[in-house]
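Where a number appears in this text, it was derived from the coordinates with a stated rule and is not lab data. Note that the structure is predicted; figures quoted are calculated from it, not measured. Note that we place each Cβ from the backbone using ideal geometry, even for glycine, and neighbour counts take in every protein chain shown.
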Amino acid sequence: MKKKKYLLMAIVMITLIFTFNKSVSAEPINVPDINFSVGGENASPQNYVDNIKLLIVLTILTLLPSIIIMMTSFTRIIVVFSFLKNALGAQQSIPNQILIGLALFLTIFIMQPVYSEINNKAFKPFMDNEITQEEAMEAGSKPLREFMLRQTRQKDLELFIEASKLDKTEITKENVPLTVVIPAFAISELKTAFQIGFLLFLPFIMIDMVVASILMSMGMFMLPPVMVALPFKLLLFVMVDGWYLIVKSLIMSFGG
């Protein structure tokens, strides 16, 4: 009985397979027409302009980290905070996220007049179709160029002008390329930050030297001087209101 049952099932399956193949081979395959078009029937020049504006905004957002690091006051602030952290000897006590966040908001505070001018003279008029893209780029780069040139040393600026083989007689503050201003501004900011960091290290080095001399005179060679000096450094920093003085000095160094 089982053999007859299996034989009957096999005959039914073979019949279904041949029937299915015959129907498939008999029916033609209808491939739908594929039409690629840009914009569709309702496409208009205004739609293309809006798409281009959206692309520009997305490009700016992509480059925003590089702009914040290389074209604002962020570099000087974060380098000074890094020197302060090392001078205190509190590498594990002050998280980097806190210093980066504080540096970022200080950058927004210092650069707020520049951003407002860019927004009023370049971004808003361009979004309202009052000026062209080239005019918006020129109007937006002018305040940023002026800010960077105020903080850039003449020696650093001349270095990149000579390296780029530009004619010095034709270069002015209004037409100097950003490709020259940005690297000159960056190395000027690093030099200024290193100078501030040197001044920050001096009082804390004095504390380290005093503590190390006392420990050596007492014969405590196995006790790390850094561990003993850290409370005195923190006490000095709190007594002179260090954060207030550092932040105030950074803001004033940018003409604030």
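Mind listing the long-range amide H neighbours of ILE131? Cut-off is under 5 Å, sequence gap 5 or more, other chains count too, H placed in the peptide plane at 1.01 Å from N.
It is PHE126, by chain and number.
Rounded, prolate or oblate: which fits the stretch 51-200 when a ≥ b ≥ c are the square roots of the eigenvalues of the alpha-carbon gyration tensor, with rounded for a/c under 1.5 and prolate only if a/b beats b/c?
It comes out oblate by the Cα gyration axes.
Taking θ as phi - 60°, what are the ³J(HN,Hα) couplings along the stretch 88-93 by the Karplus curve (6.51, -1.76, 1.60), each to the nearest whole Hz, with x for Gly and Pro?
Coupling constants for the stretch 88-93: 6, x, 10, 4, 8, 7 Hz.
Determine the alpha carbon to alpha carbon distance for each of LYS142/LYS168; LYS155/LYS191; LYS142/LYS165 and list only those over 18 Å.
With Cα atoms farther than 18 Å apart: LYS142/LYS168; LYS142/LYS165.
Which peptide among 69-75, 117-123, 144-150, 57-63 comes first, and what is the full order, when sorted by highest mean count of other Cβ atoms within 10 Å?
Top of the packing list down: 69-75, 144-150, 117-123, 57-63.
Taking Cα centroids, how far is the stretch 76-128 from the stretch 213-245 in Å?
30 Å
Give me the percent relative contact order of the stretch 51-200, please, defined on Cα pairs under 8 angstrom at least 6 residues apart.
That works out to 31 percent.
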